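Beneath this line is the structure, given in structure tokens, with notes to follow.
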Amino acid sequence: MKIGKNREPDYFSMLVSMMDCSLRTARALDDLFHDYNDVEQKADHIHDIEHEGDDMLHLLTHELNQAFITPIDREDLMLLGSRIDTVTDAIEDVALTLDMMSVRQIRQDILPISSLMVDACTKLVKAFEEFREFKTSKELTNMLIDVNHDEEAADRNYRKCVKELFSDEDMKGIDIVRWKEIYDKMELVLDTCEDVADALELIAVKNR
């Protein structure tokens, strides 16, 4: 997103664009799980989207450093941008791990967690679109609660997956190591989504 000369940056739109970048990485990772081939190429594609997110964060940082007046505290805007960037990074990390650990086949029990990841990111995009009206919005809080529900559901799925992983006597030790790492990283993605939701709620309340 470029800012025109002598135009006040639209910080709310910038945050929406950053969160949409997270959503695109989530969808790309979910597509990889469902169509598991060309892993290195698809991981590179996810990295390219993540790089877009980095550029957006750099732009946000630059504009905040130059700004005289911002719609809410610049520290709050920077915090939200950083939290969103962490989501995108966490999703990319899963894709890179799949490639680096030479995972040959996907365990189907990862798919419900992946679906929750996409759902949480989708809800956060809508929440950031609503954030522009945070002073009067009656929907924002419920949107953020729904993200927390996704994290709780993912946590339950995570525990079930890990339990089944270690209960499988036919599973090779190296595969246990691989999949425990992947499950951990997927749980972290949902944790970072919840962190964004929590920060957004606190900042909305603070600035009302």
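Only the coordinates and a few stated rules stand behind these numbers; no lab work does. Predicted, not measured: the structure shown is a model, and the values here were computed from it. Ideal geometry is used to build each Cβ from the backbone, glycine not excepted, and the neighbour counts take in all protein chains shown.
What does the C-alpha gyration tensor say about the overall shape of the stretch 143-208? Classify as rounded when a/c is under 1.5, otherwise prolate if a/b is larger than b/c, or oblate. Cα axes put the stretch 143-208 in the prolate bin. Taking GluC sites (Glu not before Pro) in DSSP loop states with no more than 14 other Cβ atoms inside 10 Å as exposed sites, the chain has its longest site-free stretch at 1-132. Cβ crowding within 10 Å ranks V103, V125, V189 as V103, V125, V189, fewest other Cβ atoms first. Under the combined filter of DSSP loop state and at most 12 neighbouring Cβ atoms within 10 Å, the stretch 110-142 retains these trypsin sites (Lys or Arg not before Pro): K135, K138. Calculated on C-alpha atoms, the gyration radius of the stretch 80-141 divided by its Kirkwood radius gives an Rg/Rh of 1.13. For the stretch 11-207, the Cα gyration tensor yields ellipsoid semi-axes of 33, 19, 12 Å (square root of five times each eigenvalue, largest first, whole Å).
Checking the cross-link pairs K160/K185; K126/K206; K160/K206; K163/K185; K123/K163 against a 26 Å limit on the alpha carbon distance flags K160/K206; K123/K163 as lying beyond it.
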